[in-house]
Amino acid sequence: MALRTLVSGKTLGALSRLHQQIRGLQTFTLPDLAYDYGALEPAISGEIMQLHHQKHHQTYITNYNKALEQLDDAISKGDASTAVKLQSAIKFNGGGHVNHSIFWKNLAPTREGGGEPPHRSLGWAIDQHFGSMEKLIAKMNTEGAAVQGSGWVWLALDKELKRLVIETTANQDPLVTKGASLVPLLGIDVWEHAYYLQYKNVRPDYLKNIWKVINWKYAGEVYEKECP
C-alpha cells in the first residue's frame, strides 16, 4: 500500500523530512573517555567502568545505528507501520547513547578535580535553590535510590523558569522527555550495571560514593553557557 494512503499529507511531509535528515547522518560511535578505566577507584571500580563503557554503552550505539538504518529503509519503502514501531527502539537506544555520553563527562578522577564542589555561578545557584551542597546531594541520593527498576537522577537547569531542578527518568529516557526547557548538568546512572559488581544491590552506597568523583567543573561550564 502506498505511503500516501497510509498517512496524512502532514505526516507524509514529516516522514519525508525525517528521511532526508537520516540520510545525512553518520553512524554514531563510542566516545573516548578522558581518563583510564581505573582512574575513578575506589569510588567506581575499573572493571565496572570498562564493562559499562565498552559493553553497555557500545550496545546502545550498535542498536541505535541499526534502528536508524531500519527506519531509513522503512521510510524509503513507504512502510509507515514499521517506522512507527521503531520509535521505541530509537528512544531507548538513542537515549542510552545520549545519557551515557553525558555521564562520562560528569565524572573525573580525584587527582583531576573529581569531587571538588562547584564554584562561581553554579555553586551560588545550588545554595539559592537547595540551601546547600549537602542538601542537594541528600535530595538527589533520595530521589536516585527511589527510582523503581532502572533509570537516572538528574540535576538540570530549567531555562524557562531559570532555576535548578532535580528530575528522574525511567530506563534510558533522556532528560528532554521531561521538558524541552531542561538542560542536563549532572546525570547519575542508577541502572544496576553501573554499580552491581562493586556495591551489589545496595544502590544507596553507590550514590553516596559517586560524589567523590563528580566533575563539577564540567557541570559548571554547561550552566554558565546556558545561563550566563
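Tabulated values for the structure
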{"read-out": "Filter pass, I126 being surrounded by 14 or more Cβ atoms within 10 Å (Cβ to Cβ) and not in a strand (DSSP E or B)", "value": "yes"}
{"read-out": "Residue count for the range 138-180, restricted to those that are among the polar types (S, T, N, Q) and open to solvent by less than 60 Å² (accessible area, probe 1.4 Å)", "value": "5"}
{"read-out": "Within the range 95-120, considering residues that are open to solvent by less than 40 Å² (accessible area, probe 1.4 Å) and within 22 Å of K159 (Cβ to Cβ), the one farthest from the chain's Cα centre (by Cα)", "value": "P118"}
{"read-out": "Hits in the range 185-228 - residues which are open to solvent by 20 Å² or more (accessible area, probe 1.4 Å), closer than 14 Å to L107 by Cβ and outside any helix (DSSP H, G or I)", "value": "N215"}
{"read-out": "Qualifying positions in the range 67-109 - free of Cβ contacts under 8 Å to residues at least 24 places away in the same chain and either under 28 Å from L182 (Cα atoms) or among the hydrophobic types (A, V, I, L, M, F, W, C) (or both)", "value": "A74, V84, K85, L86, Q87, S88"}
{"read-out": "Tally, over the range 31-49, of residues that are over 18 Å from the mean Cα position of the chain (by Cα) and assigned to a helix (DSSP H, G or I)", "value": "6"}
{"read-out": "Residue list for the range 110-124, filter: in contact (Cβ under 8 Å) with a residue 24 or more places away in the chain and hydrophobic (A, V, I, L, M, F, W, C)", "value": "L122"}
{"read-out": "Of the criteria (1) open to solvent by 70 Å² or more (accessible area, probe 1.4 Å); (2) farther than 24 Å from T168 by Cα, which one K91 fails", "value": "(2)"}
{"read-out": "Verdict on A34 being crowded, with 17+ Cβ neighbours inside 10 Å, closer than 24 Å to H97 by Cα and either at pLDDT 95 or above or in contact with a strand residue (DSSP E or B) (Cβ under 8 Å, 6 or more places away or on another chain) (or both)", "value": "no"}
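The values are calculated or read from the model by the stated rules, or taken from the named source; none is laboratory data. Predicted model, so just to flag it, every value in this text is computed and none were measured. No Cβ is skipped: glycine too gets one built from the backbone with ideal geometry, and neighbour counts run over all protein chains shown. The area values use the complete protein model at the heavy-atom level, side chains included, leaving out ligands, DNA and RNA. Shrake-Rupley method; radii C 1.70, N 1.55, O 1.52, S 1.80 Å.
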